Amino acid sequence: MKTDPSAYLDVGLAAGRLSAAICRRVQQERVVAGVPQSKAGNEPVTIADYASQAVILRAIAASFPRHAILAEENSAHLRAQADELVGRQVNRLVAEALAEEVSFDQLCAWIDHQGDPASRIRWAIDPIDGTKGFIRREQYAIAIGVLEEDVPVAGMLICPNLAVDAEAPAGPRGVIFAAARGAGAFQVPLDGGPEKRARASACADRARVRILGSVEASHGDPALLTALVAEGFGGGIVRVDSQVKYAALARGEAEVYLRPRSRPDWRDNVWDHAAGVAIAREAGAIASDVDGRPLDFRHGARLEENRGVLATNGPLHAEIVAAIARIEARR
Ligand code: AMP
Ligand code: MG
């Protein structure tokens, strides 16, 4: 039996709102936010990452117990670190968010929930995408994607620090983006307000296209972005953390998201793209890799067969792929 992809949104968004409350709370409690725990590969992780993953996976396990789950964190590092204080802080965050007693073992079981790995439906979750942006108090997103037979069919990005109105960057913050295949992409203020369609920009003028890239230089290839501007794609570079870049593309704040490989052996994580790709596509954008090849989500946790990611509003996609090839041939 087929599930209407919009059914995933009710469950994902309710949990994503709890996660957003956790993340905001951790940012308000300055002492706690200042204690990021580093995991393998020097990637930062905070108590909010674990608490966020616990509440999201708990909700999916309750509503769709057999769906497969691919999520960034696992409890092994938390258990190894815990440092009783860290464990207690995560425990408190989860218990307060759910307004119920939760044992440490229970919350670790939620963090590690995997469902049935053979399921044709797989959720891809980054409980805090852009943890570095979260620690800097800049942009981050709670990213929840759903793949059916390895195709992203629904996406949710909860962006607690993003301006509700792109035209009023100093105004209220917090936006939810959601999309289900065939039903369009929508944005709604996290703290209440009218829901609006999200639509990619119609700009087809290469001199005006704005290019989104990572804040963290080590996550990409900033020189390639600069070279693309020099090729005449001249609307400027916009540096933003996390899948908020897909959200910005989906609501027409920029025309291009270019994520070249940061090094030859780098492969992008599925949880860093599934939700964003689902939303951007429903907003009218196109997503491929930097060679213009289709994104291939069939290879487990990573986009093993793709070279980076290129998402654009459409009209100039092929021209940009060609320009990247020209730039790389000159290197
Ligand atoms: P962004 O905020 O767009 O720079 O991307 C954040 C994501 O970059 C994190 O969720 C990580 O999964 C991913 N990441 C971490 N290290 C690297 C790296 N060396 N190259 C590319 N992406 C990375
Ligand atoms: Mg991430």
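General remarks:
- Estimated distance in nm for a label pair at ALA95 and GLN28, the labels positioned 7 Å out from Cα along Cα-to-Cβ: 1.9
- Remark: relative contact order (the chain) = 15 percent; criterion is Cα-Cα distance under 8 angstrom and separation of 6 or more residues.
- Label separation (ALA62 vs ALA202): 4.4 nm, computed from points 7 Å beyond Cα along the C-beta direction.
- Note on ALA230/GLU167: beta-carbon distance plugged into 1/(1 + (r/R0)^6) with R0 of 22 Å gives a FRET efficiency of 0.15.
- Cα-based equivalent ellipsoid, the chain: semi-axes from gyration tensor eigenvalues, Å: 31, 21, 20
- Linear extension gain, ARG298 paired with ALA217, 0.36 nm per residue minus alpha-carbon span: 26.4 nm
- Fewest-first sequence of SER214, SER262 by Cβ atoms within 10 Å of each Cβ: SER262, SER214
- Shape call, the stretch 286-331: gyration tensor on alpha carbons, a/c limit 1.5: oblate
- Here the sum of -39500 (n - 2.57) over DSSP H runs of 4 or more residues, divided by the residues of the chain, equals -10500 deg cm²/dmol at 222 nm, to the nearest 500.
- Over the stretch 67-201, relative contact order from alpha-carbon pairs under 8 Å, at least 6 apart, %: 17
- In the stretch 248-313, trypsin sites (Lys or Arg not before Pro) in a DSSP loop with at most 14 other beta-carbon atoms within 10 Å: ARG298
- Crossing angle, helix 317-330 versus the chain [Cα axis fit, 0-90 degrees, rounded to tens]: 80
- Protection proxy ranking of 232-245, 183-196, by the mean of other Cβ atoms within 10 Å over each peptide's residues and highest first, is 232-245, 183-196.
- Charge tally around ALA283: other residues with Cβ under 15 Å, Lys/Arg +1 each, Asp/Glu -1 each, net +3.
- If the segment from ARG326 to ALA183 were pulled out straight at 0.36 nm per residue, it would be longer than the present Cα-Cα gap by 47.8 nm.
- A Gaussian network model of the chain, with springs between Cα atoms under 10 Å, assigns the largest mean-square fluctuation among ALA51, ALA109, ALA254 to ALA109.
- Computed magnitude of the charge dipole of the chain (debye, nearest 20; Cβ of K, R +1, Cβ of D, E -1): 620
- Distant-in-sequence amide contacts of ASP241, defined by a placed amide H-H separation under 5 Å and a gap of 5 or more residues or a different chain, comprise GLN139, VAL215.
- Prolate/oblate/rounded label for the stretch 128-269 (Cα gyration tensor, a/c 1.5): rounded
- Furthest towards positive pole of dipole, ALA248, VAL209, PHE297, structure part the stretch 199-331, Cβ charges: VAL209
- Cα gyration tensor category, rounded, prolate or oblate, for the stretch 93-196 with a/c compared to 1.5: oblate
Throughout, read-outs are computed from the coordinates displayed, never taken from laboratory work. None of the values given here were measured: they were computed from a predicted structure. In this analysis, Cβ positions are derived from the backbone assuming ideal geometry, glycine residues included, and neighbour counts consider all displayed protein chains.
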